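Undergrad: Sharing a structure here in structure tokens format.
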Amino acid sequence: MTEENKIESLSTENRLFNPPTNVPGACIKSLEEYKAIYDRSINDMEGFWAERAEELLTWDKKWDNVLDYDFDKPEISWFEGGKLNASANCLDRHIKNGRRNKAALIWQGEEDHEVKVYTYDMLHREVCRFANVLKKLGVKKGDRVTIYLPMIPELAIAMLACTRIGAPHSIIFAGFSSNSLRDRINDCEAKIHITGDGVLRGGRSIPLKPNSDEALKECPTVEQCIVVPRANNEIEMVEGRDRLWGELMSDPEISDDCPYELMDSEDPLFILYTSGSTGKPKGVFHTTGGYMTYAAHTCQWVFDLKDDDVHWCTADIGWVTGHSYIVYGPLALGATSIMFESVPTYPDPARFWQVCEKFRVNIFYTAPTAIRALMREGDQWTKKYDLSSLRILGTVGEPINPEAWMWYHENIGAEKLPIVDTWWQTETGGHVLSPLPYATPLKPGSATLPLPGIDASIVDRHGKEVGPNEGGFLVINKPWPGMLRGVWGAPERFKKQYFEGFPGTYESGDGARKDADGYFWIMGRVDDVINVSGHRLGTAEIESALVSHHAVSEAAVVGMPHEVKGQSIYAYVTLKAEFDEDDDLIKELRMHVRKEIGPLASPEVIQFAPSLPKTRSGKIMRRILRKIVEGDTSNLGDTSTLADPSVVTDLIEGYEEIM
Ligand code: 6R9
């Protein structure tokens, strides 16, 4: 029986893949080099980060103090006294240093022929113009602007324009409902709201403006609403409140030049609401100097990003991944970043690979959910295009099941490319646990080692470090520049959520174990742990055992109330396209899990599900699945953040048929 304060691990994964080492020009060339840098970064944390901040960013005034912090209060401040501007770091300095005509953003629209390329100079001009528009509308340093747009260039332009004038932006996924939108706008008390007429997604057109209109009825702080046409929808303009982007931008009074605001290192840069929880949204906020240092630092080392690389992160900018690895990280480094409007399966499941070939993509970063979805469609799609430009692959968002990792490795990585499985959170600002592509030996399913500057541990409920392969709570012992500085307007919540559980450390909320080589294996959210007869099991290992069966493409497990065991395992399973749902397969899957990781983990019930409830960023919402198996469907919490709320109705029907 597991001790009450730990999580039991059943995993048997032990494949190892060595990276190419001593690659000429690589940022970090070997495991030894990583270890030396890591040790230094922990022993001389301030010295390490001061060097990185100096090297990566242009500061208008250097800081007085590298770090001040107290996790008990909590208060964290990096590079106090330093002055800089994020948009100047992403644009102005590149224009002066020879990248003026380099592609900054390549926008690939929903249809293949829709491409827009913005050079650094062009992007700078658009950003300055829109910054001037915002100023003309009365936006001042410190005012908040909410952005609710599809993946179109105006989204990146608007966010950089906000940072240029020191107005924190809060981007809200264009998939969120009017209620979610309203709550977020009110929570940050936005002055200006930017919206679109609609979203194009996989051949469908989804209206957006009506959601904004509905929300704004109850948002007293919003003075003006700016509308960007994209989907050819008819736009109903509210007199006195609504303005069209194009009209504002073509105003002859608007200049191409907008001097940037000098920001203090600790001035807020943006607020981003974390999705998926019930109750009041949580506005995680980041500040200028630390976040920018961290985004640039991780983008450079984890992707080994070089000047002539084409970097493609497939995330939506409404998710933190898009903030850090489509916009702020790549642009701070002067790279070329692709912004993709569409979905992986439109017009067919080869879209990602076709876009990789088309733009000769070097670094490709996506989510396990996308990999599993494409794996489900079969291998034939990956073979249609030339993927030889790819150099580094990455994943983020959920634990990648070893089988999905192997599929990615074999079909996209030609069995040789490094895969960086990056573990991090909205709150961490950038990657925290991750391989370095030319240094770290890889184990499928492990986010491997902490990045330099990160002091992470696995502890039991009392904060005591656990032994090798014992599961526990993942905490971070020291601050890092990219960590959140607060929950907007809710200092008590900030303290309670992240610093009270394990005093003196940052609490991530994830369960994990560290193996004998010091590799981290994420076991899932601590809230999702399943307690079977006193054995506390993480979701990730059981799901991975299911996905390792050749018929399965995706699985989600939750705890179902059980008279004797306390909880038993209820599994939702999505099959690959060519397999049929039948009772024999259910038996086979149970046996398979039993064989892979043991009888304890064998699911009591298996329900076939053509799709699973996911957030817009592709995370399985186990909270909803748990409610279903607890028979508590009257109160599913906020389901409006789901990518497709109708999935839930199907699952409830399926559950009722079985039980
Ligand atoms: C960047 C992002 C954070 C949560 C995090 C964890 C899960 C993210 C992961 C991963 C295993 C990885 N997560 N990356 N789990 N391996 N490589 O996703 O931010 O939306 O705030 O989610 O996502 O559970 O705590 P966010």
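Undergrad: Name the one entry in ASP307, ASP316 that is more than 14 Å from the ligand (Cβ to nearest atom), surrounded by fewer than 24 Cβ atoms within 10 Å (Cβ to Cβ) and closer than 28 Å to VAL117 by Cβ.
TA: ASP307
Undergrad: Which members of the range 636-659 meet the condition of being at pLDDT below 90, of a type in the set (Ser, Thr, Tyr) and crowded, with 20+ Cβ neighbours inside 10 Å?
TA: Once the filter is applied, which keeps residues that are at pLDDT below 90, of a type in the set (Ser, Thr, Tyr) and crowded, with 20+ Cβ neighbours inside 10 Å, the range 636-659 yields only THR641.
Undergrad: Among the residues of the range 500-509, is any among the hydroxyl-bearing types (Ser, Thr, Tyr) and surrounded by fewer than 22 Cβ atoms within 10 Å (Cβ to Cβ)?
TA: Looking through the range 500-509, at least one residue is among the hydroxyl-bearing types (Ser, Thr, Tyr) and surrounded by fewer than 22 Cβ atoms within 10 Å (Cβ to Cβ).
Undergrad: Next question. Under 8 Å between Cβ atoms, at least 6 apart or on separate chains: pull out the pairs that start in the range 399-422 with a residue that is within 23 Å of THR298 (Cα to Cα) and end on any residue that is within 15 Å of the ligand (Cβ to nearest atom) and among the acidic types (Asp, Glu).
TA: Here the result reads PRO399/GLU543; ILE400/ASP421; TRP405/ASP421, each pair linking the range 399-422 to a residue that is within 15 Å of the ligand (Cβ to nearest atom) and among the acidic types (Asp, Glu).
Undergrad: Next question, about the same structure. All but one of (1) within 16 Å of the ligand (Cβ to nearest atom); (2) farther than 30 Å from LEU436 by Cβ; (3) out of contact with any helix residue (DSSP H, G or I) (no Cβ under 6 Å at 6 or more places or on another chain) hold for TYR273, so report the exception by its number.
TA: Going through the list (1) within 16 Å of the ligand (Cβ to nearest atom); (2) farther than 30 Å from LEU436 by Cβ; (3) out of contact with any helix residue (DSSP H, G or I) (no Cβ under 6 Å at 6 or more places or on another chain), TYR273 breaks only (3).
Undergrad: Does VAL117 qualify as being modelled with pLDDT of 95 or more and touching a Leu at 6+ places or on another chain (Cβ under 6 Å)?
TA: No; evaluated as a whole, the condition is false for this residue.
Undergrad: I need every pair where a residue in the range 524-540 that is at positive phi and away from the ligand (no atom under 16 Å from the Cβ) has its Cβ under 8 Å from the Cβ of a residue that is among the polar types (S, T, N, Q) and at pLDDT below 95, sequence separation at least 6 or different chains.
TA: GLY534/THR2
Undergrad: Exactly one condition in (1) over 20 Å from SER255 (Cβ atoms); (2) crowded, with 21+ Cβ neighbours inside 10 Å is false for ASN85; which is it?
TA: Of everything listed in (1) over 20 Å from SER255 (Cβ atoms); (2) crowded, with 21+ Cβ neighbours inside 10 Å, ASN85 misses just condition (1).
Undergrad: Now for a separate question. Among the residues of the range 41-82, write down those that are loosely packed, with under 14 Cβ neighbours inside 10 Å and within 25 Å of the chain's Cα centre (by Cα).
TA: Matches in the range 41-82: GLU75 only.
Undergrad: Looking at the range 626-635, which of its residues are buried (at least 19 other Cβ atoms within 10 Å of the Cβ) and in contact with a helix residue (DSSP H, G or I) (Cβ under 7 Å, 6 or more places away or on another chain)?
TA: Listed by number, the residues that qualify are ILE628, VAL629.
Undergrad: Just to be sure before I move on: is SER434 modelled with pLDDT of 95 or more and either away from the ligand (no atom under 15 Å from the Cβ) or surrounded by fewer than 23 Cβ atoms within 10 Å (Cβ to Cβ) (or both) in the structure I sent?
TA: No: the conditions fail for SER434.
Undergrad: Report yes if LEU612 is within 27 Å of the chain's Cα centre (by Cα) and at negative phi, otherwise no.
TA: yes
The values are calculated or read from the model by the stated rules, or taken from the named source; none is laboratory data. Fair warning: this is a prediction, and the values are worked out from it, not measured in the lab. We place every Cβ from the backbone using ideal geometry, glycine too, and count neighbours over all the protein chains shown.
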